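Q: Let me begin by handing over the structure; questions about it come next.
The values are calculated or read from the model by the stated rules, or taken from the named source; none is laboratory data. Every value quoted in this text rests on a predicted model; they were computed, and no experiment measured them. All Cβ positions, glycine included, derive from the backbone under ideal geometry; neighbour counts span all protein chains shown. For accessibility, only protein heavy atoms count, side chains too; no ligands or nucleic acids. Shrake-Rupley method; radii C 1.70, N 1.55, O 1.52, S 1.80 Å.
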Amino acid sequence: MAAMLARPEVASFLKPGTHASTFGGHSLGCAAGIAAFKAMEEEKVMDNVNSLGAWLDERLAALAKPMMGVKAIRRAGFMIGIVLEFPGNDLVNDCRNHGLLINCTHGTVLRMLPALNIAKEDLEKGITILEECLDRAVRRTGSVRITPARG
């Protein structure tokens, strides 16, 4: 289910039949969307994301140390981007071989999208796998960033 918004000057070009969606306005698609939102509310899914957020920030910050080959970490909810100092495809394959499914965009940005209802134990397991694979990748590539001490 999706929605599209357009500024009036753009929307004026969209006449009936010029822009469509496979499930737009379809009763089954709408019913599924409503059911998904109701389940998210009832199961307090966003409470889970918010309660694990601070813990996740701490764990991810530990990855951004100079010797880990990580330039930056970006997070919005459970959308996580980890910018690497080196190409990430081999790291993605190593993670997959150890049970963690992630992908790499733009060659050097790991993208992680854990389920919104993930248990802390499963999130911990995933971050641990990432740490171990990241350590192997840094050793393999020799991509270590040395940053000056701050103080």
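Q: Quote the accessible area belonging to M4 in square angstrom, nearest 10, computed with a 1.4 Å probe and with ligands, DNA and RNA left uncounted.
A: Accessible area of M4: about 100 Å².
Q: Moving on. Mind telling me which of A137, A119, A76 comes out most flexible in a GNM of the chain, alpha-carbon contacts under 10 Å?
A: A76
Q: Show me, for the stretch 34-42, the HN-Hα J-couplings you get by feeding each phi into the Karplus relation (A = 6.51, B = -1.76, C = 1.60, θ = phi - 60°), rounded to Hz, glycine and proline as x.
A: Result, rounded to whole Hz: 4, 4, 5, 5, 5, 5, 4, 5, 4.
Q: Over the stretch 30-124, with the other protein chains present, what is the accessible area per residue in square angstrom, probe 1.4 angstrom?
A: On the way: 5600 Å² over 95 residues.
For the stretch 30-124, the per-residue accessible area is 59 Å².
Q: Below 8 Å between Cα atoms, with a sequence gap of 6+, how large is the relative contact order for the chain in percent?
A: Numbers: 151 pairs, mean separation 30.9, N = 151.
Relative contact order here is 20 percent.
Q: Identify the trypsin sites (Lys or Arg not before Pro) of the stretch 1-110 meeting these criteria: DSSP loop state and at most 14 other C-beta atoms within 10 Å of the C-beta. Intermediate results must be reported in sequence, preceding the final value.
A: Working: sites: K38, K44, R59, K71, R74, R75, R96; in loops: K44.
Loop-located and lightly packed - K44.
Q: How big is the dipole moment of the chain about its Cα centre under a simple scheme where the beta carbon of each Lys and Arg is +1, that of each Asp and Glu is -1, and everything else is neutral? Debye, nearest 20, please. Please list the in-between numbers first.
A: On the way: 18 positive and 16 negative charges, 111 e Å.
Dipole about the Cα centre, nearest 20: 540 debye.
Q: Of all the accessible heavy-atom surface of the chain, with the other protein chains kept in place and a 1.4 Å probe, what percent is carbon and sulfur? The partial results should precede the final answer.
A: On the way: 5890 of 10180 Å².
Carbon with sulfur: 58 percent of the solvent-accessible area.
Q: Name the residue, out of G107, G69, G88, whose mean-square fluctuation peaks in a Gaussian network model built on the chain with Cα pairs under 10 Å.
A: Its mean-square fluctuation being the largest, the pick is G107.
Q: Additional query: Quick one: ranking S27, S12 by accessible area, 1.4 Å probe, largest first, what do you get?
A: On the way: S27 90, S12 65 Å².
Listed by decreasing accessible area, they come as S27, S12.
Q: Right, here's the next one. Just grab the label-to-label distance for R7 and A36, each label 7 Å out from Cα along the Cβ direction, in nm (one decimal).
A: A separation of 2.9 nm, rounded to one decimal place.
Q: Calculate for the chain the 222 nm mean residue ellipticity that helices alone would give, adding -39,500 (n - 2.57) per DSSP H run of length 4 or more and normalising by residue count, nearest 500 deg cm²/dmol.
A: Working: 5 runs with 70 residues, N = 151.
Result for the chain, helices only: -15000 deg cm²/dmol.
Q: I'd like the accessible area for L52, computed on protein heavy atoms only with a 1.4 Å probe and all protein chains in place. Round to 10 Å², please.
A: Number for this one is 10 Å².
Q: Next question, about the same structure. Which ³J(HN,Hα) values, rounded to whole Hz and listed in residue order, are derived for the stretch 94-107 from phi using the Karplus coefficients 6.51, -1.76 and 1.60 in 6.51 cos²θ - 1.76 cosθ + 1.60 with θ = phi - 60°, glycine and proline given as x?
A: Each residue's phi maps through the Karplus curve to give 4, 4, 4, 5, 9, x, 10, 9, 9, 9, 10, 10, 6, x Hz.
Q: Once the principal axes of the Cα atoms of the stretch 1-101 are found, what is the range along each, listed largest first in whole angstroms?
A: 56, 36, 29 Å, listed from the longest principal axis down.
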